[in-house]
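Working notes, structure below.
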């Protein structure tokens, strides 16, 4: 067997084992839920969620040190080369596509009608695709199908909400973020509690 393939398979299995604690799902779920709620209350309020990741990351580390590592151990994962550059490139491309789409709508339909349709229908769909990049990246990194499903749900909601009239524009973005956030949080809590109850702390025996 190819040694490189063997190492990649072992690395994938290690990542999958590390991801079974549900902490990532809980943290991302909280972030999306708060973001969606603030965005729904008033679009500028969403800016208040910007520092939230800096508060959630220490919480995740605390949960893992206190409850996860004593049960399944800890192995430091190798960093992903060029990850930050990829994020920056994605952000630049996203802004370009948003502005290009707005221009195209304005040219085809006129400024007012084009802007209205861009805001009510295109922006929620595009926002769903953009937010889905996070879950899809996790799905690729950890080879876990559930994150691919979460990303797909974001895309579907971003398209379906405006088409069905359930929510338009910024409200649709807020709703799709909050719904996925709640789903992710509940799912993560289920994984976390299952791990705590089924896997004893190393060096101890289940009663």
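The values are calculated or read from the model by the stated rules, or taken from the named source; none is laboratory data. Given the structure is predicted, the values throughout are model-derived calculations rather than measurements. With ideal geometry, Cβ positions are generated from the backbone for all residues, glycine too; neighbour counts draw on all protein chains shown.
All conditions in (1) surrounded by fewer than 19 Cβ atoms within 10 Å (Cβ to Cβ); (2) in contact with a helix residue (DSSP H, G or I) (Cβ under 6 Å, 6 or more places away or on another chain); (3) in a helix (DSSP H, G or I) hold for residue 201, with the sole exception of (3).
For segment 142-169, filtering for residues that are buried (at least 17 other Cβ atoms within 10 Å of the Cβ) and within 15 Å of the chain's Cα centre (by Cα) leaves 10.
Results for (1) out of contact with any helix residue (DSSP H, G or I) (no Cβ under 8 Å at 6 or more places or on another chain); (2) part of a helix (DSSP H, G or I); (3) within 18 Å of residue 131 (Cα to Cα); (4) modelled with pLDDT under 85, shown as yes or no for each residue.
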{"residue": "53", "(1), (2), (3), (4)": "no, yes, yes, yes"}
{"residue": "58", "(1), (2), (3), (4)": "yes, yes, no, no"}
{"residue": "86", "(1), (2), (3), (4)": "yes, yes, yes, yes"}
{"residue": "103", "(1), (2), (3), (4)": "yes, yes, no, yes"}
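Taken together, the residues in segment 170-188 that are within 12 Å of residue 36 (Cβ to Cβ), within 14 Å of the chain's Cα centre (by Cα) and surrounded by fewer than 19 Cβ atoms within 10 Å (Cβ to Cβ) amount to 3.
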